[in-house]
Amino acid sequence: MIKHTLDYDANAPCGESFGYSDHDSVLKPAPATHHVDFTILDVLQTTKAVRVPKVLRYFEKIRTTVMTDFQAEGFHLMQDLVVTGALPMSSAENVAKSLVALMDQFRRMSHLIRVAESSTLQARERLEELYTFLRSDLKTYQEIERKFLSGDSIVPTDAHPKNMAINAQGEILMFDFGRSIVADKQYSAPNFAAHIGLASVANCFEDPLFGAEYIATFVSAYNRFSSPDDQIEEATFVRYFMSELLHRGLSGRWLDKRFFSHATLQEVERAVHDLAIETFRPDEGGALATLGDLLNVLTDVSRAVGIKSYKGRRKTTQG
Ligand SMILES: Nc1ncnc2c1ncn2[C@@H]1O[C@H](COP(=O)(O)OP(=O)(O)OP(=O)(O)O)[C@@H](O)[C@H]1O
Ligand SMILES: [Mg+2]
C-alpha cells in the first residue's frame with residue numbers, strides 16, 4: 001500500500017483540502033502531517049501494544065510511505081463494518097484497549113513527535129458545528145473549546161472507524177496519525193464513540209439498542225484499562241461526544257454516503273440535531289451530564305428513526 005500526501009504552495013488558498021489560514025498567517029500545510037504520520041508509525045512498529053501496518057519504505061521528500069496492506073493480512077476497515085451493521089459487539093472492548101494503549105504510547109514518545117497542526121485551528125474545524133449550534137449559549141461553547149485546548153497530551157484526533165481495521169479474531173489495527181495534535185486527553189474516547197452514535201441514529205444497526213450498548217461496553221472497558229488519571233469524565237464525554245456527532249452529522253462534506261442506506265440525510269440531520277437539543281438545551285432541568293442519560297436519548301432517537309419517517313423526537317416518542 002502506498003500512501004502519498006499531496007504537496008501544495010503553503011501561501012496559496014487550500015481550496016477543498018484542509019488547511020486554514022488565520023490572522024497570524026498560520027497556514028497548516030497538509031504535507032507536513034505526512035511526516036507526523038510516519039514518525040508515529042515508525043515508533044509503533046516496535047511495540048506490541050498497538051498494531052499498525054508495517055512500514056516498508058519511507059520517502060520523506062516526496063511524502064510517500066510504502067506499507068503493508070492490512071487487507072492482505074485479514075483485516076477489514078472498521079468503517080465498512082459500521083455502515084453495514086456488521087460491527088461485532090466484541091470489538092468494543094478491543095478498541096478501548098487499543099485506544100488506551102495508543103494514548104499511553106503517545107505519552108512515552110511525546111518527545112519524538114512534533115505535531116504539524118495548530119490545536120486552535122483544528123479545534124475551529126472540529127467544533128465549528130458545535131459553535132453554530134450553541135451560538136445562543138456561547139458560554140458553554142467556550143467552556144468546551146477551552147477544555148479541549150487546555151490539555152497538554154498528544155491526542156489522536158482521527159482515531160475512529162475510518163482509520164481502524166479489525167480481523168476475524170477481533171484484533172484492532174490503527175493507522176493515519178498525521179493529524180494528531182496537543183489537546184485534552186479526554187477527547188479521544190468520545191471522539192471514537194460519536195462515530196458509533198452516528199451509525200446508530202442513521203439506523204445502520206438493526207437493533208436500536210446496539211449503539212448504546214456498544215458505547216457503554218467501550219467506556220467501561222476504557223476505564224478498566226486506563227490508569228486512575230485517565231478515567232473518563234462523564235460530563236466531558238457527553239460534551240465531546242455531541243460536538244463530534246454534530247461535526248460528522250451536520251457537515252455533509254465528511255459524511256460517508258453509505259450512512260444513508262437505512263435513513264435519509266434529513267432524518268440523520270434531524271436526529272443529530274435533536275440529540276444536541278436534548279444534550280445542551282433540555283426543556284426542563286440542566287444539560288445532560290451522565291453517560292446513562294446520553295445513551296438513553298441515543299436509544300430513543302435511534303428507535304424512532306428505525307420506525308421510519310423520523311419527524312423529530314418530540315413527535316415520535318410521545319408517551
Ligand atoms: N496499510 C493499509 N492497508 C490497506 N488499506 C489502507 C492502508 N492505509 C490506508 N488504507 C486505506 O486508505 C484509506 C486512506 O488512508 P489514510 O486514512 O491513511 O489516509 P488519509 O489521507 O488520511 O485519508 P482520509 O482523509 O480518508 O483519512 C483508508 O481509509 C484505508 O481504506
Ligand atoms: Mg484516514
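The values are calculated or read from the model by the stated rules, or taken from the named source; none is laboratory data. Source: prediction; values computed, not measured. Positions of Cβ are backbone-derived with ideal geometry, glycine not excepted, and every protein chain shown enters the neighbour counts.
Here are the numbers for this structure:
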item: Index of the failed condition, N203 passing every other in (1) touching a Lys or Arg at 6+ places or on another chain (Cβ under 6 Å); (2) on the phi > 0 side of the Ramachandran plot; result: (1)
item: Condition check for A202: surrounded by 19 or more Cβ atoms within 10 Å (Cβ to Cβ) and either farther than 16 Å from L291 by Cβ or within 16 Å of ligand 1 (Cβ to nearest atom) (or both); result: yes
item: Condition broken by R57, with the remaining ones in (1) in contact with a Leu (Cβ under 9 Å, 6 or more places away or on another chain); (2) surrounded by fewer than 20 Cβ atoms within 10 Å (Cβ to Cβ); (3) at pLDDT 95 or above satisfied; result: (1)
item: Test: residue in region 133-154 that is modelled with pLDDT of 95 or more and among the β-branched types (V, I, T); result: yes
item: Test: residue in region 115-122 that is more than 16 Å from ligand 2 (Cβ to nearest atom), out of contact with any Lys or Arg (no Cβ under 9 Å at 6 or more places or on another chain) and either closer than 25 Å to E269 by Cα or among the polar types (S, T, N, Q) (or both); result: yes
item: Pairs with Cβ under 7 Å, 6+ apart, first in region 167-181 and within 15 Å of ligand 1 (Cβ to nearest atom), second hydroxyl-bearing (S, T, Y); result: I172/S98; M174/S98; G178/T33; R179/T33; R179/T157; S180/T157; I181/S119; I181/T157
item: Among the candidates T65, T39, T46, residue that is of a type in the set (S, T, Y), more than 19 Å from K185 (Cβ to Cβ) and part of a loop (DSSP other than H, G, I, E, B); result: T46
item: Failed criterion for A221 (all others in (1) surrounded by fewer than 24 Cβ atoms within 10 Å (Cβ to Cβ); (2) more than 21 Å from I154 (Cα to Cα); (3) touching a strand residue (DSSP E or B) at 6+ places or on another chain (Cβ under 7 Å) hold); result: (3)
item: Subset of region 113-144 (residues that are in contact with a Leu (Cβ under 8 Å, 6 or more places away or on another chain) and of a type in the set (G, A, S)); result: S119, A123
item: Check on E128, buried (at least 16 other Cβ atoms within 10 Å of the Cβ) and out of contact with any Phe, Trp or Tyr (no Cβ under 7 Å at 6 or more places or on another chain); result: no
item: Single match in D42, D80 (criterion: free of Cβ contacts under 8 Å to residues at least 60 places away in the same chain and within 16 Å of ligand 2 (Cβ to nearest atom)); result: D80
item: Complete set of residues in region 110-154 that are away from ligand 1 (no atom under 16 Å from the Cβ) and among the aliphatic types (A, V, I, L, M); result: L112, I113, L121, A123, L127, L130, L134, L138, I144, L149, I154
item: Check on F133, away from ligand 2 (no atom under 16 Å from the Cβ), aromatic (F, W, Y) and touching a residue at least 40 places away in the same chain (Cβ under 8 Å); result: yes
